[in-house]
Amino acid sequence: MERTYFGTDKNGNEIYKYTIYDSENNSVSILNYGATVQSLIINGRDVVLGFDNIHQYEEDENRPYFGAVCGRVANRMENGCFYVEGVEYNLYKNNGEHSLHGGKCGFDKRFFELTNSDENSLTFSIFSTDGEEGYPGNLSLSVKYTFRNRLLLMEYIAKTTAACPVNITNHSYFNLDGKGDILSHKLQLNSRYYLEVNDDVCANGNVLPVKDTPFDFTEEKILGENILAAEKQQPAVGGIDHHFFCDTSLTEYRRFGTLTSGDEKIKMDIFTNQCGAQIYTGNFIKEMSAKGQNVAKFGGIAIETQFPPNNLNHSHLPNMILKRNETYYHKTGYKFYY
């Protein structure tokens, strides 16, 4: 494991980049700021979007959440409020009328302690106090990254002192070409149903079949064709930014899909024990410089494994309430081939 100084954040915390390698000299670098995947080198290519200084990660304008852990609740919470055991809780509205990815200071903006490490793994931990960003209960979270044999495994364990919604994900944007956009990438998903969104990209609870829609990836499709069709169908969303349900068991760790680079030199299988994933094609990325490259709209695809978003407002969806004395366990893996 290598440790490199990355800068000092606004709160005076020293931020480091921790790098671990597999046996083929592929590497992943994680920051103790947001437990962020800053770099992922596969066969010589950096296949995730990110920044090369702490100040860009701290900026709030066009907050892209590159590689960060998002929580307590990833995705959008409608109208920034929810009810637990008959009590109303109000959140910071940082996305129009909604709360997004944990609020004003979600886990992506938090300093994480490195609590364990070895040759192939890094574990980061934080403590979120009762009332932080409007959420009830003290919550403890550990995030473990393991990297070996071309597999990046992410494991999240959380406990809370009071019933609280918990829906944590990693917001890495993948570009398996290592440059340009992802329009020529190919995607296959084991998903026959998706969750409809309103024009403000908040999930409205309608579970729809993917058949005969731009969201049908049951067979491998070129991403660009479907992205542009989705953008035409709902211009306000600008492409794909929807939750896709995995066809099989809600809790079994299984393959969810495969992403292939435009030049077909790298493939990535996605495994998870979550019920699905938010697929986001970078529709709202503004043009910027990131790790020495120009990044813009459709510059990467985020595959955010999680509970379906906004499920507390739709009782027919799997519920994300974590009760006291229960344990939240989320496991997601990305396996690479070249």
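The values are calculated or read from the model by the stated rules, or taken from the named source; none is laboratory data. What you are looking at is a predicted structure, and each value in this text was computed from that prediction instead of being measured. Virtual Cβ from ideal backbone geometry, glycine too; neighbours counted across all protein chains shown. Keep in mind that these areas ignore ligands, DNA and RNA; they rest on the heavy atoms of the full protein, side chains included. Shrake-Rupley method; radii C 1.70, N 1.55, O 1.52, S 1.80 Å.
Note on Asp199 and Cys105: the model spin-label points, each 7 Å out from Cα along the C-beta direction, lie 3.5 nm apart.
For the options Val47, Val87, Val166, a Gaussian network treatment of the chain with springs between C-alpha atoms closer than 10 Å singles out Val87 as fluctuating the most. Model label points for Glu85 and Thr8, set 7 angstrom from Cα along the Cα-to-Cβ axis, are 4.3 nm apart. By the Cα gyration tensor, the chain has an equivalent ellipsoid whose semi-axes, rounded to whole angstrom, run 26, 26, 19 from largest to smallest.
Name the shape class, rounded, prolate or oblate, that the alpha-carbon gyration tensor gives for the stretch 94-204, where a ≥ b ≥ c are the square roots of its eigenvalues, rounded holds for a/c under 1.5, and otherwise prolate holds if a/b is larger than b/c and oblate otherwise. Could you put the intermediate results ahead of the total?
Numbers: a/c = 2.00, a/b = 1.10, b/c = 1.82.
It comes out oblate by the Cα gyration axes.
Please work out the average accessible area per residue across the chain, using the 1.4 Å probe convention, and give it in Å².
Numbers: 13550 Å² over 338 residues.
On a per-residue basis, 40 Å².
At full extension, Leu114 and Asp216 could sit 32.7 nm farther apart than now, given 0.36 nm per residue minus the alpha carbon distance.
Pick out, in residue order, every one of the trypsin sites (Lys or Arg not before Pro) in the stretch 239-268 that is DSSP loop and has at most 16 other C-beta atoms within 10 Å; say none if there are none. Loop-located and lightly packed - Lys265.
Heavy-atom accessible area for Met288, with the other protein chains in place and a 1.4 Å probe, reaches approximately 40 Å².
Cα extents for the stretch 154-262 along the principal axes, largest to smallest and rounded to whole angstrom: 46, 31, 26. Comparing Tyr18, Tyr89, Tyr145 in a Gaussian network model of the chain where C-alpha atoms under 10 Å apart are linked, the largest mean-square fluctuation is found at Tyr89. Using a cutoff of 8 angstrom between alpha carbon atoms and counting only pairs six or more residues apart, the relative contact order for the chain works out to 17 percent. These residues, Glu113, Glu219, go from largest to smallest accessible area, 1.4 Å probe, as Glu219, Glu113.
Can you compute the charge dipole magnitude of the stretch 1-68 about its Cα centre, using +1 on each Lys and Arg Cβ and -1 on each Asp and Glu Cβ, nothing else charged? Give it in debye, rounded to the nearest 20. Each step should come with its number before you reach the end.
Values: 5 positive and 11 negative charges, 20 e Å.
The calculation lands at about 100 debye.
If R0 equals 35 Å, the separation of the Cβ atoms of Gln293 and Arg324 corresponds to a calculated FRET efficiency of about 0.15.
For the chain, a Gaussian network of Cα nodes joined below 10 Å ranks Gln56, Gln188, Gln274 by mean-square fluctuation, and the top entry is Gln56. Can you tell me the FRET efficiency between Gln233 and Tyr253 if r is taken as the Cβ-Cβ distance and R0 is 45 Å, rounded to the nearest 0.05? The value I calculate is 0.85. Rolling a 1.4 angstrom probe over the chain with all protein chains present gives an accessible area of which 45% lies on carbon and sulfur atoms. Please list, short to long, the whole-number percent of alpha-carbon pairs of the stretch 219-338 in consecutive 10 angstrom bins beginning at zero. Spelled out bin by bin, the stretch 219-338 gives 12, 34, 36, 15, 3 percent.
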